[in-house]
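Read-outs throughout are calculated quantities, based only on the coordinates presented, and are distinct from any laboratory measurement. No experiment lies behind these values; they were computed from the predicted model shown. Cβ coordinates were reconstructed from backbone atoms using ideal geometry, including for glycine residues, and neighbour counts include every protein chain displayed.
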Amino acid sequence: MISFIKIYIASALFSFLIISSWISSYMYNCIALFFPMIILSIISYSFIELKMQERFCFRDCFFRRGSIVAKILSSRWFVTSIYMLLTIVMTISALIASIDVDQKLWIYIFTLHILSATILYKSFDYILYSSINSSYRKLVAREWSIGIMSIVLISITTYSYYSGYEPDYLVAGLKESILNASNTLSSNCIVVDSLLKIHREIDAFFWWIITNSSQYIDNTPIKLGAWLLFFLFNSLAILGINRFIIEVIYIVDNIFGRSSK
């Protein structure tokens, strides 16, 4: 029980420190990029550690071992490149979206969500003790926890943000809405400022289509497609935040596990 409490507190404090430091410093200078680099490293490690183990299983199950396709798909460089690209997109989405997250949602994330994720992770680790090789048990427990808690967080965020929520920058014209959205966020760091504006402009484009679709769009599939793209675009941020948090729990658990031996 004491070990569980230590893991929960350490994970919550570290996650809070990194994310809150980013939110507090992004508008000032490029030193704020230090925090995205930490998050990027943690998320990418969570992907690559797992995929390095899976690549040979994937190769041996579906392809002839000596074929060119098998060599490419099981290549360390190929796997690393693909998941680094995914990690970069997910990290950027998560960090930009975190600026707009409501305070109540952050309270939930840093308390109940991390607590639930820790309970789930430790439960899976215990349940799988006699079923999975010890080298992979914690990895599987982590991935199952990420999957379940992603569904929970996406559901809560969808209800919180998309049920009657509408950004203040939206007006009748698309161009004006995008311009207003671009002006709502800024940073003294050129890199951060550019990413913020691009993300906010894309967000404004989707919001404008969704809120004005009944007036300008008669095609139902197009309306549904806009909603789907908007949902997928914003889900990347939620998945990134969730993966970061549970990877922190996984790392903290491993650190405490080694120190107790």
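A few comments on the model shown:
- For the range 1-105, trypsin sites (Lys or Arg not before Pro) meeting the loop criterion (DSSP other than H, G, I, E, B) and having at most 14 other Cβ atoms within 10 Å: ARG64, ARG65.
- Classification of the chain by its C-alpha gyration tensor yields a prolate form. The axis ratio a/c (a ≥ b ≥ c) is 1.5 or more, and a/b outweighs b/c.
- Kyte-Doolittle at least 1.0, axis length at least 24 Å by Cα - qualifying DSSP helices, the chain: 2-25, 76-100, 220-259
- Per-residue Cβ neighbour counts within 10 Å put TRP77, TRP207 in the sequence TRP77, TRP207, beginning with the fewest.
- Cβ crowding within 10 Å ranks VAL191, VAL248 as VAL191, VAL248, fewest other Cβ atoms first.
- Shape of the range 74-151, Cα gyration tensor, a/c cut at 1.5: oblate
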